1. Wholly within region B:221-288, which strands (runs of 3 or more DSSP E) include no fewer than the required count, namely at least 3 residues that are surrounded by fewer than 20 Cβ atoms within 10 Å (Cβ to Cβ) and in contact (Cβ under 8 Å) with a residue 12 or more places away in the chain?
2. For region B:24-31, indicate whether the set of residues that are under 19 Å from residue B:291 (Cα atoms), in a loop (DSSP other than H, G, I, E, B) and either modelled with pLDDT of 80 or more or not polar (S, T, N, Q) (or both) is non-empty.
3. Looking only at residues in region B:176-206 that are under 22 Å from residue B:290 (Cβ atoms) and open to solvent by less than 40 Å² (accessible area, probe 1.4 Å), which one is nearest to the other protein chains (Cβ to nearest Cβ)?
4. Among the residues of region B:151-167, what is the count of those that are in contact with a Leu (Cβ under 8 Å, 6 or more places away or on another chain), farther than 20 Å from residue B:278 by Cβ and either modelled with pLDDT under 85 or more than 7 Å from chain A (Cβ to nearest Cβ) (or both)?
5. Do you know which residues across region B:104-141 are surrounded by fewer than 21 Cβ atoms within 10 Å (Cβ to Cβ), modelled with pLDDT under 80 and closer than 20 Å to residue A:137 by Cα?
6. Among the residues of region A:151-192, which ones are open to solvent by 10 Å² or more (accessible area, probe 1.4 Å), over 25 Å from residue A:105 (Cα atoms) and in contact with a helix residue (DSSP H, G or I) (Cβ under 7 Å, 6 or more places away or on another chain)?
7. Could you list, in sequence order, all residues of region A:148-192 that are charged (D, E, K, R) and either more than 30 Å from residue A:38 (Cβ to Cβ) or touching a His at 6+ places or on another chain (Cβ under 7 Å) (or both)?
8. Can you name every residue in region B:109-133 that is more than 14 Å from every other protein chain (Cβ to nearest Cβ) and under 11 Å from the mean Cα position of the chain (by Cα)?
Amino acid sequence: MNRDSAMPANLLRRKKDTKRGITYTMLLCGRDGVGKTTFANNLLESNIFSHKYNVVNQITAENESKVKVISPTKVVSYNSKNGIPTFMSELDPSRAQFEPGITITSTSVEIGDLADETANEDDIILFNLVNTYGIGENLDDSLCFDELTTYLEQQFDLVLAEETRIKRNPRFEDTRVHIILYFIEPTGHGLRELDVELMKRLSRYSNVLPIISKADSFGKEELAQFKKTIMKDVELYNVPIYKFEVDPEDDDLETIEENQTLASLQPFSIICSDVKDKNGSYVRSYPWGDINITTDNISDLKVLKNVLFGSHLQEFKDTTQNLLYENYRAEKLSTVTSPHIGASGKDNTANRASAAPSLSNFASLVNTGQFKSSQTLAMNLEGARTPELKEPYDNDQASPIKKMSQALKEENEEIIKNIKMESPLINDHNIPEKTKLRNISETVPYVLRHERIIARQQKLEELEAQSAKELQKRIQDLEKKAHNLKLREKLLRQQKDHSSSSSSLTTASSGTQLKKEDTLTDLASIASGRN
Amino acid sequence: MSTAAVAVPTNSVGISNLPNQRYKIVNEKGDHFTIMVCGESGLGKTTFINTLFQTTLKHQEPRRNNGPIKKTIDIDITRAVLEEKNFKLRVNVIDTPGFGDNVNNNKSWQRIIDFIDDQHDSYMRQEQQPFRKIKFDLRVHAVLYFIKPTGHGLKPLDIETMKKISTRANLIPVIAKTDTLTQQELSTFKLRIRQVIETQEIRIFTPPIDESILSNGSATEDNSAAIEHARQLIESMPFAIVGSEERFTNDKGVQVIARKYPWGLVEIENDSHCDFRKLRSLLLRTNLLDLILSTEEVHYEAYRALRLGNSNEENKDSSIPINTPARKLLSSNPHFKEEENALKKYFTEQVKAEEQRFRQWEQNIVNERVRLNNDLEDIQSKVKKLEEQVKNLQLKKR
């Protein structure tokens with residue numbers, strides 16, 4: 001008994017954590033084509049994730065002992081200007097000019113401790129990997145900011161709602177993002193507008209760790225120079241990235257030393273690869289030489305892995321929980337409940353009156369929500385959730401949308417049903433007097449949910465409208481094209497008839513003539529647009 | 001007479017010497033070549049130009065120190081005269097720093113397109129002058145579009161910009177910094193780009209292959225070699241390039257331009273490492289004249305025909321030196337349009353505010369007038385009262 005109580009608190013927590021498994025969520029963020037997917041595969045030493053335009057149905061973890069996929073990759077959030085999902089579709093050259101929008105996906109895997117070989121066998125990490133697709137691919141990327149921040153905010157909201165609820169869900173999964181890896185392109189020039197803006201916004205919700213990807217485009221000195229430039233830019237634009245800070249009072253010598261070396265390495269530069277050589281280690285092989293990606297003086301991949309899964313895992317979790325989430329919570333609660341708190345101090349009647357708006361708001365949602373959702377969702381809604389990633393998209397665009405909308409509709413209805421069941425008080429107008437705390441715990445989750453539902457509905461409606469518009473436009477374009485082609489065919493036929501009598505000379509030159517005509521029509525259309 | 005006779009073989013008239021005369025003229029006059037590089041920052045445009053001409057034509061941009069991130073696209077022209085074996089080539093290099101670097105890149109190609117059109121326009125105007133000896137010619141002969149080596153495919157921005165450029169100038173797409181792509185990745189990447197270019201109907205510059213020579217059977221050895229070379233060039237498009245300004249000694253002990261990595265030396269002029277030699281051959285060694293001529297014959301002619309054709313329709317009765325209407329540049333640029341809208345909004349708001357102020361003022365004045373009138377009435381009534389009192393008093397007095 002005594003020994004048990006003497007156990008240090010953190011060890012106790014660790015024990016508790018390990019029993020349930022540590023949940024750990026990582027977000028990979030950066031422009032398309034910087035190697036996020038390859039990094040994810042290298043990180044888990046598997047090939048779970050398939051590349052853009054290269055959909056392969058191979059969810060085979062090579063290292064079965066270490067990595068196990070719990071739930072396969074699914075789309076958790078999606079937005080696009082034209083409303084048409086492009087995630088994981090095959091390359092379609094004729095549609096390549098359309099903006100892909102942004103897609104956020106999430107994959108859950110169960111891993112044994114990768115970094116620490118000596119750790120207990122039953123040390124299991126429930127690892128959530130959130131990946132982003134489409135950043136930097138759009139003509140206007142401002143869309144991506146909102147989408148990402150909304151996603152991160154939603155995860156906070158979910159936890160907040162759970163915390164304040166009366167009946168807790170024992171199986172609740174914490175999906176807050178603990179660490180964001182921001183991939184910087186190896187330009188050699190410093191940070192760009194997009195990088196600065198995005199990192200600034202993301203850092204409100206999680207630890208942002210910038211890393212340089214594809215470091216094999218730098219020679220030794222260039223890399224050192226680039227790292228310096230990045231850090232200078234980080235200072236210059238006040239980007240709040242995660243820094244390996246040392247606290248000379250608290251930390252022991254070893255930690256200080258470790259953090260100092262890590263800080264000197266920052267931003268980490270990595271080289272990733274999908275290809276294995278004969279010895280089973282990942283390499284990149286070029287005509288001028290091979291790179292082993294785990295070589296220390298070339299790539300910081302090993303160090304980064306150690307930081308992510310070993311030394312700083314708990315640290316990342318703690319800062320997210322204790323600092324960022326607490327800040328968010330304080331802010332959110334003060335906006336959501338400020339009227340009650342202000343009023344409840346004075347007298348109870350005022351309290352009831354002031355509590356009414358948000359509650360009645362909610363009641364109205366319960367009353368009308370069902371009606372509203374069934375009404376709007378009936379019209380082929382396009383959804384934020386696809387039921388299954390691996391399901392092949394048909395060429396027909398309507399069917400995945402339908403499926404998504406169905407799934408969403410069901411979910412929405414379920415939420416509303418739950419709310420109704422859980423809160424018999426809502427429809428009862430004779431609300432008994434409540435303490436402030438109770439008031440909060442009853443309203444907050446519902447207000448949050450209410451907000452979420454409304455936000456999602458709005459987004460869906462927008463998406464639907466956009467996709468309808470876009471489809472309309474595409475149909476028109478195609479019709480126009482068909483018309484043009486017909487005209488041209490006619491013209492060519494006429495020409496042929498004309499020239500058939502004369503000689504083959506004209507047919508030979510018709511190719512070039514056509515070419516010139518094309519140029520002319522294009523210019524003409526531009527000129528007419530000007531006038 | 002005697003000097004001419006020396007060069008001409010005795011049994012011929014001397015017509016065959018014409019190409020030589022031409023050669024002499026061209027040799028003395030030199031030529032000029034304008035090349036534009038276009039692509040996001042950090043893809044090695046500057047380095048490539050320096051590698052291509054093997055001198056430091058352009059200097060690396062000094063790092064922006066303090067100050068905010070730039071949000072505009074500049075046009076940056078570098079002029080140089082290159083001399084090789086007494087032949088002078090005037091080279092203009094046009095760079096577009098800032099392209100594709102912002103969060104919102106919509107319409108960012110407009111500056112580039114406008115620049116190309118402006119050059120055509122100014123050349124046309126100079127041609128129409130009565131005295132047209134001196135020509136300031138910056139028509140772009142070749143546009144190198146740098147594609148980021150993502151390994152995925154082309155972005156919508158790339159496609160849109162390339163489409164727009166390809167109708168105005170000779171477009172040559174290149175994949176930049178290919179030393180981060182392995183052979184396998186590169187070949188898939190190239191394949192995807194070619195597919196997109198084909199289906200999106202982007203016309204890239206290809207070295208002309210004279211098919212008639214082949215079909216006629218009159219192919220000489222020289223000709224067929226040239227055709228074979230052109231074929232190779234076409235096959236390896238888009239060119240994968242690596243640029244460097246430094247020289248290193250390779251394992252054979254030869255000094256080569258290369259990039260040095262801990263894992264090896266990337267030789268720029270090695271065909272198995274990158275396509276730099278092919279691209280240089282296309283740009284300078286074999287097809288420079290094709291580039292210049294096709295600019296003149298296809299793109300400039302198309303522009304000219306369009307401009308003149310348009311103006312003809314508008315004022316048919318005008319005599320030969322047609323006054324082409326100034327290009328409506330101002331109204332065409334979307335940025336200007338946005339600005340104009342903003343200004344208009346601001347203006348109407350100001351007017352509204354002023355009107356409001358005036359109305360208030362007027363109201364005040366009216367109020368004041370009413371008050372004064374009231375005062376006046378009061379005083380008048382007082383006066384009346386007093387007068388009455390006076391009258392009463394006078395009556396009493398009597």
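The values are calculated or read from the model by the stated rules, or taken from the named source; none is laboratory data. Predicted model only: the values in this text are computed from it and were never measured. Counting neighbours? That spans all protein chains shown, and the Cβs are built from the backbone with ideal geometry, glycine included. The protein model used for the area step is the full one, side chains on, heavy atoms only, and it has no ligands, DNA or RNA in it. Shrake-Rupley method; radii C 1.70, N 1.55, O 1.52, S 1.80 Å.
1. Details: elements: B:247-249, B:255-261, B:264-267.
Qualifying strands (runs of 3 or more DSSP E): B:255-261.
2. Initial filter on region B:24-31 (under 19 Å from residue B:291 (Cα atoms)): B:26-27, B:29-31.
Next, from what is left, pick out any that are in a loop (DSSP other than H, G, I, E, B): B:30.
Add one more test, that the residue is either modelled with pLDDT of 80 or more or not polar (S, T, N, Q) (or both), and what stays is B:30.
Yes, some residue in region B:24-31 is under 19 Å from residue B:291 (Cα atoms), in a loop (DSSP other than H, G, I, E, B) and either modelled with pLDDT of 80 or more or not polar (S, T, N, Q) (or both).
3. Initially, region B:176-206 is screened for residues under 22 Å from residue B:290 (Cβ atoms), giving B:194, B:197-198, B:201-206.
Those still in the list that are open to solvent by less than 40 Å² (accessible area, probe 1.4 Å) too: B:197, B:202, B:205.
On the way: B:197: 8, B:202: 10, B:205: 12 Å.
Among them, the one singled out is B:197.
4. Going residue by residue through region B:151-167, those that are in contact with a Leu (Cβ under 8 Å, 6 or more places away or on another chain) are B:151, B:153, B:156-157, B:160, B:162, B:165, B:167.
Imposing the further condition that a residue be farther than 20 Å from residue B:278 by Cβ reduces the set to B:151, B:153, B:156-157, B:160, B:165, B:167.
Then drop every residue that is not either modelled with pLDDT under 85 or more than 7 Å from chain A (Cβ to nearest Cβ) (or both), which leaves B:151, B:153, B:165.
Residues meeting the conditions: 3.
5. B:104, B:106, B:107 - these are the residues of region B:104-141 that are surrounded by fewer than 21 Cβ atoms within 10 Å (Cβ to Cβ), modelled with pLDDT under 80 and closer than 20 Å to residue A:137 by Cα.
6. Once the filter is applied, which keeps residues that are open to solvent by 10 Å² or more (accessible area, probe 1.4 Å), over 25 Å from residue A:105 (Cα atoms) and in contact with a helix residue (DSSP H, G or I) (Cβ under 7 Å, 6 or more places away or on another chain), region A:151-192 yields A:164, A:165, A:166, A:167, A:168, A:188.
7. Of all residues in region A:148-192, those charged (D, E, K, R) come to A:153, A:157, A:162-163, A:165, A:167-168, A:171, A:173-174, A:176, A:185, A:192.
Hits for region A:148-192 are A:157, A:162, A:163, A:165, A:167, A:168, A:171.
8. Here is the first cut: in region B:109-133, the residues more than 14 Å from every other protein chain (Cβ to nearest Cβ) are B:111, B:115, B:119, B:122-123, B:125-133.
Result: B:111, B:115, B:119.
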